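Below is one structure, written out as structure tokens, with a few remarks after it.
The values are calculated or read from the model by the stated rules, or taken from the named source; none is laboratory data. Predicted model, so just to flag it, every value in this text is computed and none were measured. Positions of Cβ are backbone-derived with ideal geometry, glycine not excepted, and every protein chain shown enters the neighbour counts.
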Amino acid sequence: MRPMNPEWLRFAGVGLFNTAAGYVLYLLLLRFLSYAESYALTYAAGIFISYGLNSRFVFRRSLKLGKALRFPVVYGVQYVLSASALWVAVELLAVDPRIAALLAVALTVPVVFLLSRRVIRGGTDALDRGSARAGSL
């Protein structure tokens, strides 16, 4: 996963777009719903928007129901990892919580990229190359 990898750059762009769109949706929902309801709906919508954008734009794959149903697991893993990193940073390393949250998210972005790619593509590049080599022997 090179930083200048076109897939990685598209992933970062989609992530920024999805975050901004989610925030706008959250603000709109706040007009009608509580903050907790607005956040929950926005988070859920963000997962499925992310699946659609990552499938079509980042990894250039067609949308599939089975993959869409597995995709929320990526964000479950991301939440557990980022919450754990946040706790370690704040409680053990005495990092300011405002900074720690940014660090926790930044640390999980590569994991989310790799898991998203695996769910959407159905495997990893290394595994695909290895099986291709084994089949050509």
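So which residues in the range 26-84 are farther than 26 Å from LEU102 by Cα, free of Cβ contacts under 8 Å to residues at least 12 places away in the same chain, among the hydrophobic types (A, V, I, L, M, F, W, C) and assigned to a helix (DSSP H, G or I), if there are any at all? Of everything in the range 26-84, those that are farther than 26 Å from LEU102 by Cα, free of Cβ contacts under 8 Å to residues at least 12 places away in the same chain, among the hydrophobic types (A, V, I, L, M, F, W, C) and assigned to a helix (DSSP H, G or I) turn out to be LEU65, LEU69.
Taking ALA94, is it outside any helix (DSSP H, G or I) and exposed (fewer than 12 other Cβ atoms within 10 Å of the Cβ)? For ALA94, the condition - outside any helix (DSSP H, G or I) and exposed (fewer than 12 other Cβ atoms within 10 Å of the Cβ) - is met. Does the range 7-16 include one or more residues that are assigned to a helix (DSSP H, G or I) and of a type in the set (Lys, Arg)? Scanning the range 7-16 turns up at least one residue that is assigned to a helix (DSSP H, G or I) and of a type in the set (Lys, Arg). Being in contact with a helix residue (DSSP H, G or I) (Cβ under 8 Å, 6 or more places away or on another chain), hydrophobic (A, V, I, L, M, F, W, C), within 20 Å of THR19 (Cα to Cα) and at pLDDT below 95: is that true of LEU63 here? Taking the combined requirement at face value, the residue does not satisfy it. Is there a residue in the range 70-90 that is touching a Pro at 6+ places or on another chain (Cβ under 7 Å) and closer than 30 Å to PRO6 by Cβ? No, because not a single residue in the range 70-90 is touching a Pro at 6+ places or on another chain (Cβ under 7 Å) and closer than 30 Å to PRO6 by Cβ. Residues that are within 30 Å of GLY52 (Cα to Cα) and not in a helix (DSSP H, G or I) were ranked within the range 97-137; the one that is modelled with the highest pLDDT is GLY122. Filtered by the rule that a residue be among the polar types (S, T, N, Q), within 21 Å of SER116 (Cα to Cα) and surrounded by 16 or more Cβ atoms within 10 Å (Cβ to Cβ), the range 20-78 gives THR42, SER50, ASN54, SER55, GLN78.
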